[in-house]
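The values are calculated or read from the model by the stated rules, or taken from the named source; none is laboratory data. Quantities reported herein were computed from a predicted structural model and do not represent experimental measurements. Backbone-built Cβ (ideal geometry, glycine too); neighbour counts: all protein chains shown.
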Amino acid sequence: MDYELPEELRMLKETLRRFVDREIIPIERDAYEGHQLKPEVRVSLENKAKDLGLWMFDVPEEYGGMGMNLLARCVVWEEMGRTIAIPTRGGHIFGPSVSPILYFLNDEQKEKYLHPVLKGEKKCAFAQTEPDAGGDPGGMRSTAVRDGDHYVINGNKRFITGADKADFFQLQAATDRSKGSRGGISTFLIDAGTPGLELVRYQQMMMDDRPWEISMQDVRVPVENMIGEEGEGFKFGQAWITAGRMRHAARGIGVAERCMEMAGSYTNQRETFGKKLSERQAVQFAMVDAWMDTKMLRLLVYNVAARADAGEDIRYESYMAKIKGDEHAFKVCDQTMQVHGGIGLTTDLPIEKMWRDSRSMVITEGPPEILRMVIARAFYREYGD
Ligand SMILES: Cc1cc2nc3c(=O)[nH]c(=O)nc-3n(C[C@H](O)[C@H](O)[C@H](O)COP(=O)(O)OP(=O)(O)OC[C@H]3O[C@@H](n4cnc5c(N)ncnc54)[C@H](O)[C@@H]3O)c2cc1C
């Protein structure tokens, strides 16, 4: 049994650590204009990502990417999690953002939708969440009704990231509401600008994201734009979300690492009542707990990722990793803010942004209560007799 990363991934990790320390952290607090990464910063970071040889690291080789396995991707997400310059959701700097759902398309659909995304010519958004159905997409109210060689879609979507920049949507709607997520949801490719599909407004958030509300009124979509078969829509959403959960977890390690670097260094200098903060047991215990839990999180993430790469089903463990990663990251951010006192609340330091981003990550792509509810089923199968 090997608890260490293979040599090539250790080297990758070191390279990324140097890249983030030298090239990104020095500019991270000035990297944004309002809520968006400055275009010139994005171009410069993308060029550096190419120089590092990491362009499209998460795209399978057959589509021109590097086809990195999940463990390697976790190493990248972990190291990039140490800086606030990289957008927390979507729009990363290592190439076009390719939704894994697009790999399920048939050849004709791939030609029209996947290949242009890979070439950077088109962008897509994923539209599942609705005002009345987020964590429980089975309750979605948008419907798609067959009418000859088209489906007619009606309903509303909420919190759709990148909807304003999308050339097309992977949009889910109920083809049979009585079946919910068990065969009642289908996914469609819908071009932006299709009559009846309107962007209603974007949502101001405490983070940089500006997701959109969308309305669909009698949107006619050709039957050939369905992904897979009718009722298979939920399956494709899940394919995206499993890798996404591991990204949350791995990012959490990076956030915790950066926070410990800041908190360790600050508490070892700052004095109150004639002593360094690092000499106070209350502070020491908080630091040690952060360190122990980060080590445990890293073992969990690497183990689950390696098992996925070996072909094992990691569904429940990926849920556990997401819960642990997001909750740990937020806890360590909060603790780091606390030991910094007032300076921790300023925008001079990255802590407040990491804190806001990490809080939001606990909710998106599966809140912990819903994940625990699903894990409970596995628990009682294992221990319930
Ligand atoms: C910035 C941002 C970007 C997003 N981008 C997208 C996107 O691109 N596409 C997309 O489709 N969606 C997107 N979403 C939606 C996101 O995935 C949902 O917000 C998330 O799944 C939670 O759904 P909800 O907000 O409806 O919460 P709900 O499902 O209503 O849950 C509310 C709260 O209730 C609690 N809860 C829920 N169920 C249970 C239970 N069974 N037991 C105990 N407690 C429970 C949890 O604490 C949960 O946080 C985005 C959201 C945000 C904030």
* Flag if Ile351 is out of contact with any Phe, Trp or Tyr (no Cβ under 7 Å at 6 or more places or on another chain), within 14 Å of the ligand (Cβ to nearest atom) and modelled with pLDDT of 95 or more -> no
Filter pass, Arg359 being among the charged types (D, E, K, R), free of Cβ contacts under 8 Å to residues at least 24 places away in the same chain and within 16 Å of the ligand (Cβ to nearest atom):
no
Residues of segment 317-332 being buried (at least 18 other Cβ atoms within 10 Å of the Cβ) and not hydrophobic (A, V, I, L, M, F, W, C), in sequence order, are Glu317, Ser318, Tyr319, Lys322, Lys324, Gly325, Asp326, His328, Lys331
Across (1) touching a Gly at 6+ places or on another chain (Cβ under 8 Å); (2) closer than 29 Å to Asp107 by Cα, Gly311 clears everything bar (1)
Note on Lys123: of the conditions (1) in contact with a Leu (Cβ under 8 Å, 6 or more places away or on another chain); (2) outside the structural domain of Gly34 (by TED's automatic domain parsing), unmet is (1)
Flagged in segment 216-252 as in contact with a helix residue (DSSP H, G or I) (Cβ under 7 Å, 6 or more places away or on another chain), at pLDDT below 95 and among the aliphatic types (A, V, I, L, M), in numbering order, are Ala239, Ala243
Of those in segment 334-385 that are of a type in the set (Asp, Glu) and assigned to a helix (DSSP H, G or I), the residue nearest to the chain's Cα centre (by Cα) is Asp357
Determine whether Glu213 is crowded, with 17+ Cβ neighbours inside 10 Å, within 13 Å of the ligand (Cβ to nearest atom) and modelled with pLDDT of 95 or more.
yes
